[in-house]
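One structure is given below, encoded as structure tokens.
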Amino acid sequence: MRDVAVVGFAQRQMPEFDGSPTCVELLVPVFKELYEQTGWTRRDVGFWCSGSSDYLAGRSFSFVQAVDAIGVIPPVNESHVEMDLAWAMYEAWIKIQTGEVDTALVYAFGKSSAGVLRRTLALQLDPYTMTPLWPDTVSLAGLQARAGIDAGVWDERAMAEVANRSLTDAEKNEYAIRKGGSSVDELLARPMYADPLRKHDCSPVTDGVAALVLAAGDKAREVRERPAWLTGISHYVDPMGMGVRDLTRSPSAQRAGAALDLGGVEVAELHAPFSHQELILRKELGLGDDVLINPSGGALASNPMFSGGGIRVGEAATRIWSGQADKTLAHATSGPALQQNLVCTLSGSIEGKNN
Amino acid sequence: MSRTLQAPVTVAFDYTRSTGPVVGRFLTGLRDGVVVGGRTSAGQVVVPPLEFDPVTHEATTEFVEVSSVGTVTSWTWVPEPVKGQPFDRPFAYALVTLDGADVPLLHALDVASPAEVTTGMRVRVRWATDRVGHINDIAGFEPLAPGEAEVTAPAATSEAPVTGVVTTVSLDYNYAASPEESLFYRGLNEGRIMGQRCPTCLKVYVPPRSACPTDGTPTEEEVELSQTGTITTFCIVNVPFLGQKITPPYVSAYVLLDGADIAVLHLILGVPADEVRMGMRVKAVWKPKDEWAYSLENIDHFAPTGDPDAEFDTYKQHL
């Protein structure tokens, strides 16, 4: 296996983007920021991969338009996934492993505010028995939250503790669109929205883009004194149906974590769009109280579709670059109620790596 | 004023899908007023039936009729229903394990407030009046009071097995043009053709784009273009097609406006189709001003200026 590190990260997040569904206007400055971080030009990028979906904002072939932000004459080596940035990163990581390229820039964009996000996402469900009922994202998460409450696996107070910590930490994150913690009691005093969920249990609808830069071996060392080495990466998926899995668990997250060496993780950035999902993930990944969870504020503070998972990787990498941590974990999710999960570990050194 | 031009857009499509034998059996059951589950290799009865066994991966072949009465195993309140959901008033989604099944089915539960739902409550299927073999043949679940029984569905109107299903998908968007497209369409609304110049390669794009596709640099400098230009290439349309607005034959041409580096596609009139040629000089002919909108259709067509043809060398870089 080749040693591959995350060496660049940039993001933009906002409640409503007054611009095109292709988000080219946001991607251009994000790429510029990454060229400054790496000292590269676009010609130094061996592979590009984006994550987006046309359903989000109703523009066909938006990912084809988005390559304008790269500048593609002469042509570039490029791909696309209708998945979160974290899976675009996975494709790039494999591309680098093949030896075909040494570097990659992966990006994702989404203008969720153009439609009704929680409704649009019903299109990712079973088209025969689920989509015609238009079960929205919040409702599916609500069913999961209730299942855990009824089973005594978590309670509303534990959910409020997650929200309060996230919104408090988000105050230090300039990109967070919802921030400002108060107290668990105050959060619990707020009205129910989609019983058993209060609004602060649900990530806010967020527009935005994010991008990561990967580089192998010496290419990574040229960019950063302390590259964030991807020492492990793994992803699994559970069945889609809400009836055929234990909603209080996430076996795919557990399995993704079990494939890696999670010992010594100091910081974990978990992609939990609903408060109770962080509780599930902490348990499935075996993260103890000594692990700092979501110092960025996490997805409850802002959750741009297609970037939200990759941003976790960027936040986890940033803490390696700065020397704040020696080993961090990033997680991304996709599908209803934590159906699909990717886990990776990032490290300041490549000793004892687990690929 | 918003930075961008915006308009509502609805994207709709009727998805027509074949069901296969397993989902078809389930939907045929609903059409006939019966809920059908499938038995897994572990002996569990799953509703809706799984097409393939999760453990052995064999196709499901054993079907079991279950009750239309069951127990709520989880629920969530829907305070603000969205379009297409089973009810247009607040309701609950519930996971309901029907008597005779081992795992729950997702559907709507028709109650007026969250105070009327509890996990463990007994509910029954409310059948839709017209059943066609679709998940919406179940209109929803309703609370079952002690002593009440399941509701027998009225007889089905067909006996043929269900093999296909149509699902209407319609998505409403507030669609925004990019700032550069907005500049272009606002210009057209004022009788002007606006482009932008790339600061790197100095090419003028019309319509302007958010970034120069060659260089990836934003094209910020606004350029108002001439209303005259040169036909660089063209096509005589002889084939009729759905939605065609003009009777064939007619000419679609790339018109390179003077000062632009990208040609725009438009209609050529005012000259017999067989006389249109590369290099022909043409000018924009606008519709009456009271018909203008934020649209390239404000320009009705391009017509010959009568000037001598442009030399090939003047446009050969733009083919």
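Consider segment B:1-52 and keep the residues that are charged (D, E, K, R) and within 11 Å of chain A (Cβ to nearest Cβ). The one that is nearest to A:PHE17 (Cα to Cα) is B:ARG3. Among residues of segment A:162-188 that are touching a residue at least 60 places away in the same chain (Cβ under 8 Å), those with a beta-carbon under 7 Å from a residue that is β-branched (Val, Ile, Thr) and buried (at least 21 other Cβ atoms within 10 Å of the Cβ) at least six positions away or on a different chain give the pairs A:ILE177/A:THR206.
Table: residues versus (1) over 30 Å from A:PHE31 (Cα atoms); (2) modelled with pLDDT of 95 or more; (3) within 14 Å of chain B (Cβ to nearest Cβ).
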position	(1), (2), (3)
A:LEU140	yes, yes, yes
A:ALA158	yes, yes, no
A:ASP169	no, yes, no
A:LEU188	yes, yes, no
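Within segment B:77-92, residues that are surrounded by fewer than 19 Cβ atoms within 10 Å (Cβ to Cβ) sit with their Cβ atoms under 8 Å from residues that are assigned to a loop (DSSP other than H, G, I, E, B) and among the basic types (Lys, Arg), at 6+ positions apart or across chains, in these pairs: B:PRO81/B:ARG89. If you go through segment B:224-254 and keep only what is under 13 Å from B:LEU269 (Cα atoms) and aliphatic (A, V, I, L, M), you end up with B:ILE231, B:ILE236, B:VAL237, B:ILE246, B:VAL251, B:ALA253.
The set of residues in segment A:162-183 being surrounded by 19 or more Cβ atoms within 10 Å (Cβ to Cβ), part of a helix (DSSP H, G or I) and in contact with a Ser or Thr (Cβ under 9 Å, 6 or more places away or on another chain) consists of A:VAL162, A:ALA163, A:ASN164, A:SER166, A:LEU167, A:ASP169, A:ALA170. Quick check on A:TRP154: is it in contact (Cβ under 8 Å) with a residue 24 or more places away in the chain, within 14 Å of chain B (Cβ to nearest Cβ) and of a type in the set (Phe, Trp, Tyr)? So A:TRP154 fits the description; yes.
Listed here are the residues, each with its yes/no results for (1) within 25 Å of B:GLU181 (Cβ to Cβ); (2) surrounded by 15 or more Cβ atoms within 10 Å (Cβ to Cβ); (3) assigned by TED's automatic domain parsing to the domain that holds B:PRO213; (4) not aromatic (Phe, Trp, Tyr).
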{"residue": "B:LEU242", "(1), (2), (3), (4)": "no, no, yes, yes"}
{"residue": "B:PRO249", "(1), (2), (3), (4)": "no, no, yes, yes"}
{"residue": "B:GLY259", "(1), (2), (3), (4)": "yes, yes, yes, yes"}
{"residue": "B:VAL271", "(1), (2), (3), (4)": "no, yes, yes, yes"}
{"residue": "B:MET280", "(1), (2), (3), (4)": "no, yes, yes, yes"}
{"residue": "B:GLU291", "(1), (2), (3), (4)": "yes, no, yes, yes"}
{"residue": "B:PRO304", "(1), (2), (3), (4)": "no, yes, yes, yes"}
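Residues in segment A:162-211 that are within 19 Å of A:VAL313 (Cα to Cα), touching an Asp or Glu at 6+ places or on another chain (Cβ under 9 Å), assigned by TED's automatic domain parsing to the domain that holds A:ASN294 and of a type in the set (Gly, Ala, Ser): A:SER166, A:ALA176.
Checking each residue in segment A:45-87 for being in a loop (DSSP other than H, G, I, E, B), within 14 Å of chain B (Cβ to nearest Cβ), touching a Ser or Thr at 6+ places or on another chain (Cβ under 7 Å) and touching a residue at least 12 places away in the same chain (Cβ under 8 Å) picks out A:VAL45, A:ARG59, A:GLY71. For segment B:53-83, a residue qualifies if it is within 13 Å of chain A (Cβ to nearest Cβ) and closer than 16 Å to B:VAL34 by Cβ, and the qualifying residues are B:VAL66, B:GLY70. Which one of these does B:THR200 not meet: (1) more than 14 Å from chain A (Cβ to nearest Cβ); (2) surrounded by fewer than 16 Cβ atoms within 10 Å (Cβ to Cβ)? Here B:THR200 meets the rest and fails (1). Regarding segment B:161-174, can at least one residue be identified that is crowded, with 20+ Cβ neighbours inside 10 Å and within 24 Å of A:LYS111 (Cα to Cα)? Yes, the conditions are met somewhere in segment B:161-174. In the set (1) part of a helix (DSSP H, G or I); (2) of a type in the set (Ser, Thr, Tyr); (3) in contact with a Pro (Cβ under 7 Å, 6 or more places away or on another chain), A:TYR90 fails one condition alone, (3). For segment B:206-230, filtered to residues that are without any contact (Cβ under 8 Å) to a residue 60 or more places away in the chain and part of a strand (DSSP E or B), the residue that is nearest to B:GLU275 (Cα to Cα) is B:GLU224. Number of residues in segment B:233-254 that are closer than 16 Å to B:GLY195 by Cβ and either over 30 Å from the mean Cα position of the chain (by Cα) or modelled with pLDDT under 95 (or both) equals 0. Looking at segment A:130-160, which of its residues are over 15 Å from A:ARG198 (Cβ atoms) and hydrophobic (A, V, I, L, M, F, W, C)? Of everything in segment A:130-160, those that are over 15 Å from A:ARG198 (Cβ atoms) and hydrophobic (A, V, I, L, M, F, W, C) turn out to be A:MET130, A:LEU133, A:TRP134, A:LEU140, A:LEU143, A:ALA147, A:ALA151, A:VAL153. Exactly one residue out of B:GLY133, B:GLY120 is surrounded by fewer than 16 Cβ atoms within 10 Å (Cβ to Cβ) and either within 12 Å of chain A (Cβ to nearest Cβ) or touching a strand residue (DSSP E or B) at 6+ places or on another chain (Cβ under 6 Å) (or both), and it is B:GLY120.
Look at segment A:288-311: where a residue is at positive phi and a partner is among the polar types (S, T, N, Q) and in a helix (DSSP H, G or I), sitting 6+ places away or on another chain with Cβ atoms under 7 Å, you get A:ASN294/A:SER166; A:GLY297/A:SER166; A:GLY298/A:SER166. What's the total number of residues in segment A:20-41 that are in contact with a strand residue (DSSP E or B) (Cβ under 8 Å, 6 or more places away or on another chain) and either part of a helix (DSSP H, G or I) or surrounded by 22 or more Cβ atoms within 10 Å (Cβ to Cβ) (or both)? So the answer is 13. A single member of B:LEU267, B:LEU256 is in contact with a strand residue (DSSP E or B) (Cβ under 7 Å, 6 or more places away or on another chain), among the aliphatic types (A, V, I, L, M), free of Cβ contacts under 8 Å to residues at least 40 places away in the same chain and part of a strand (DSSP E or B), and it is B:LEU267. Only residues that are within 7 Å of chain B (Cβ to nearest Cβ) and either surrounded by fewer than 22 Cβ atoms within 10 Å (Cβ to Cβ) or hydrophobic (A, V, I, L, M, F, W, C) (or both) were counted across segment A:129-138, and they come to 4. For A:ILE96, the conditions (1) on the phi > 0 side of the Ramachandran plot; (2) part of a helix (DSSP H, G or I) all hold with the exception of (1).
Do you know which residues across segment A:191-214 are in a loop (DSSP other than H, G, I, E, B) and either among the polar types (S, T, N, Q) or within 14 Å of chain B (Cβ to nearest Cβ) (or both)? Within segment A:191-214, A:PRO191, A:MET192, A:TYR193, A:ASP195, A:PRO196, A:ARG198, A:SER203 qualify.
The values are calculated or read from the model by the stated rules, or taken from the named source; none is laboratory data. Everything numeric in this text was worked out from a predicted model, so none of it was measured. Glycine gets a Cβ as well: all are built from the backbone with ideal geometry, and neighbour counts include every protein chain shown.
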